[in-house]
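Notes follow the structure.
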Amino acid sequence: EQIEQMDLAALTNYQAWNNATQQILDLQAAWKEIGFAPQKMNLKIFERFRAACDHFFVQKSEFFKEAKSTLAKNLERKKELCEQAEALKDSEDWKATADKLAKIQKEWKEIGAVAQKHSEILWKRFVSACDYFFERRNAATSSQRNVEQENLKLKRAVIEKIKSIDTTLPGSEQTKQLQSLAQEWNSIGFVPFKEKDKLYKEYREATNAIYYKLHTSAN
C-alpha cells in the first residue's frame, strides 16, 4: 500500500526520483525481512508487491529517458545561442546588437538545464561572448561621450563669439563673420543628445539677433 500510494506525478526531477527509489529499496528490504504469509495468499500478495515495484521503475525509466532527451535538446539550443552571441560580439552596431544580445540572453534563461558536465563550460562560453561585446560598447560609448562633451564646449564657444561680434562694424563685415562662424559651427560634431535642442536654440537666437539688427533674414 505504501508503494501503491506514492504520488509519482509529483516526482519532477532527478533528486525526487532518486529519493523515491531509496524508499522503494528500503521497502523491498523490509519485505524480505517479513516472514511467509498464509500459503493461499502468499503468491498473490507477492505479485501485487512486485507489480507495484515494477510500475515504479517503469515510470522512473520513462522519466529519465525523456529527461535525457530534453537535456540533449537544451544542449543543442544553448550551443546555437553561443554561436549567435559569438557572431555578434565584434559588431559595432551598438544599439541593434545590444538589443539582439538582450533577446538571446532572455532566451537562454528560458531554456532548461543541460547535463552538469556541459553546464559550466557552455555558460562561460556564452557569457564570454556577451561580455566581450558590452565591454567594447562601453569603451566606445565612453570615448564618444568624451568627444561629445568637447564638442559641446566648442559650440558654446561659437555662440559666445557670435554674441561678441562688434555690431558697429559694417553689415557686410558682420555677415561675413556670421557666415564664418556658421561654417565653424557646422564643422563641429555631435553634442550630448539632451543638450542638442537647447544649444541649437541658443545658437539661432544669437545669430538671429544680429541679422535682425541688420534687417536681414538669417535664411
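The values are calculated or read from the model by the stated rules, or taken from the named source; none is laboratory data. Keep in mind the model is a prediction, meaning the values are calculated, not measured. Every residue, glycine as well, gets a Cβ built from its backbone with ideal geometry; the counts of neighbours run over all protein chains shown. Each accessible area value is taken on the protein alone, full model and side chains, heavy atoms only, with ligands, DNA and RNA left out. Shrake-Rupley method; radii C 1.70, N 1.55, O 1.52, S 1.80 Å.
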Order Asp54, Asp197 by their accessible area, 1.4 angstrom probe, all chains in place, largest first. Asp197, Asp54
Sum of side-chain charges, Asp90 neighbourhood, beta-carbon under 14 Å (Lys, Arg +1; Asp, Glu -1): -2
³J(HN,Hα), Karplus 6.51/-1.76/1.60, whole Hz, each residue of region 69-74, x for Gly, Pro: 5, 5, 4, 5, 5, 4
Which of Glu107, Glu62, Glu47 moves most in a GNM of the chain, Cα contacts under 10 Å? Glu47
Calc'd 3J(HN,Hα), region 180-195, phi into Karplus 6.51 cos²θ - 1.76 cosθ + 1.60 (θ = phi - 60°), Hz, glycine/Pro = x, comes to 5, 5, 5, 5, 4, 4, 5, 7, 7, x, 5, 10, x, 4, 5, 9
Region 156-169 - phi-based ³J(HN,Hα) in whole Hz, Karplus 6.51/-1.76/1.60, Gly and Pro as x: 5, 5, 5, 4, 5, 5, 5, 5, 9, 4, 6, 6, 8, 6
Using the Cα centre of the chain as the reference point, and only Cβ charges (+1 on K/R, -1 on D/E), how large is the resulting charge dipole? Debye, rounded to the nearest 20. 280 debye
Output the relative contact order of region 24-124, whole-number percent, from Cα pairs under 8 angstrom with separation of 6+ residues. 31 percent
Note down the net charge around Ser180, summing +1 for each Lys or Arg and -1 for each Asp or Glu among other residues with Cβ under 12 Å from its Cβ. 0
Check: region 1-108 dipole with +1 on Lys, Arg Cβ and -1 on Asp, Glu Cβ, in debye: 300 debye
Relative contact order %, the chain, counting alpha carbon pairs below 8 Å whose residues are six or more apart: 16 percent
Cα coordinate range in region 77-137, projected on the principal axes (Å, largest first): 35, 18, 14
What are the aspartates and glutamates whose alpha-carbon lies under 15 Å from the alpha-carbon of Lys100, with same-chain residues fewer than 8 places away excluded? Glu80, Glu83, Glu86, Asp90, Glu92, Asp131
Tell me, how many Å apart are the Cα centres for region 139-166 and for region 5-44? 80 Å
Measure nothing fancy, just the Cα-based angle from helix 94-110's long axis to the longest principal axis of the chain, in degrees from 0 to 90, nearest 10. 10 degrees
Ratio of Rg to Rh for the chain, alpha carbon only, Kirkwood? 1.50
Where the centre of each part is set by its Cα atoms, how far does region 107-123 sit from region 182-219, in angstrom? 56 Å
Quick check: convex hull over the Cα atoms of region 1-65, volume per residue in Å³, rounded to an integer? 73 Å³
Skipping prolines and chain starts, which residues have an amide H placed within reach, meaning under 5 Å, of the one on Thr216, given they are 5 or more residues away or on another chain? none
